[in-house]
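The values are calculated or read from the model by the stated rules, or taken from the named source; none is laboratory data. The structure displayed is predicted, hence computed values, not measured ones. Neighbour counts run over all protein chains shown; Cβ positions are idealised from the backbone, glycine included. All accessible areas refer to the heavy atoms of the entire protein, side chains included, with ligands and DNA or RNA removed. Shrake-Rupley method; radii C 1.70, N 1.55, O 1.52, S 1.80 Å.
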Amino acid sequence: MMRTQSIARWPASGLRVTKVDLIETTEKGRRINPRRFDDLVEKIASQPAQSHVIVDTGASAFVPLVHYMVSNDLADVLTKTGHELVIHSVVTGGQALLDTLNGASQLVAQLDSARFVIWLNPFWGPVSEDGKTFELMKTYQDMKKRIETVISLPTFNDELFPQDIASMLKGRLTFKDAIASPALTLMSRHRLKVAQRDFYSRLDTLAV
């Protein structure tokens with residue numbers, strides 16, 4: 001996994017994170033140096049063909065990274081090194097529904113050669129509009145030929161499940177680390193184990 005920001009600071013030893021520094025300081029202040037993305041591509045290309053490399057970027061680097069991918073035909077470059085570009089985009093319910101939906105649509109329109117996985121996150125509310133589920137929305141219908149898989153994250157009826165998951169993420173713990181942590185109560189660890197099974201079973205359905 002390669003990360004431009006916070007995951008590199010997570011204490012979990014099993015993530016094997018490599019931090020990529022994108023920020024440089026100039027006379028005009030701090031800015032993202034787009035040439036640092038070249039370094040990122042070099043790191044990806046050096047990995048064995050067909051191996052999995054996850055690039056997780058923060059909000060400040062997202063737009064520059066997308067611009068770099070589009071303007072440099074990154075998908076074609078990676079294909080020649082034995083890798084495929086698969087974009088994972090999250091669509092959330094609640095107030096951010098339209099913004100995240102439009103964001104996914106724009107990514108699909110901009111990146112012609114990439115494959116796409118859409119994650120539906122109902123944490124802030126149902127992923128639906130005017131009574132239509134995501135699969136019935138016009139935006140999805142317009143781009144569905146480009147979507148490999150749609151994954152719906154679970155909706156928990158018990159409020160303690162999302163609370164435990166939020167606490168786990170705030171503590172920068174993976175499921176494995178949190179479930180093994182003696183600092184958590186027996187029931188919190190149990191709920192996280194149930195949630196882990198649910199998440200992993202959905203991941204097992206991935207067709208990419």
Next item on the list: Could you check, for region 120-141, whether at least one of its residues is among the charged types (D, E, K, R), open to solvent by 70 Å² or more (accessible area, probe 1.4 Å), outside any strand (DSSP E or B) and closer than 30 Å to Gly82 by Cβ?
Entry: no
Margin query: Can you go through Arg197, Arg202 and tell me which one is open to solvent by less than 70 Å² (accessible area, probe 1.4 Å), free of Cβ contacts under 8 Å to residues at least 60 places away in the same chain and of a type outside the set (Asp, Glu)?
Written below: Arg202
Notebook entry, point to check: Can you spot a residue in region 89-111 that is open to solvent by 50 Å² or more (accessible area, probe 1.4 Å), out of contact with any Pro (no Cβ under 7 Å at 6 or more places or on another chain) and assigned to a loop (DSSP other than H, G, I, E, B)?
Noted result: no
Next item on the list: Just one of (1) in contact (Cβ under 8 Å) with a residue 24 or more places away in the chain; (2) closer than 19 Å to Ala59 by Cα trips up Gln106, so point out which.
Entry: (1)
Note to self: Give me the residue from region 179-194 that is open to solvent by 40 Å² or more (accessible area, probe 1.4 Å) and among the basic types (Lys, Arg) and, out of that set, nearest to Pro154 (Cα to Cα).
What the structure shows: Lys193
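Among the hydrophobic types (A, V, I, L, M, F, W, C) and closer than 30 Å to Asp73 by Cα: is that true of Leu111 in this structure?
On the way: among the hydrophobic types (A, V, I, L, M, F, W, C): yes; closer than 30 Å to Asp73 by Cα: yes.
Yes: the conditions hold for Leu111.
Can you say whether Lys176 is open to solvent by 50 Å² or more (accessible area, probe 1.4 Å), without any contact (Cβ under 8 Å) to a residue 40 or more places away in the chain and either touching a Lys or Arg at 6+ places or on another chain (Cβ under 8 Å) or not in a loop (DSSP other than H, G, I, E, B) (or both), as far as the supplied structure shows?
On the way: open to solvent by 50 Å² or more (accessible area, probe 1.4 Å): yes; without any contact (Cβ under 8 Å) to a residue 40 or more places away in the chain: no; either touching a Lys or Arg at 6+ places or on another chain (Cβ under 8 Å) or not in a loop (DSSP other than H, G, I, E, B) (or both): yes.
Taking the combined requirement at face value, the residue does not satisfy it.
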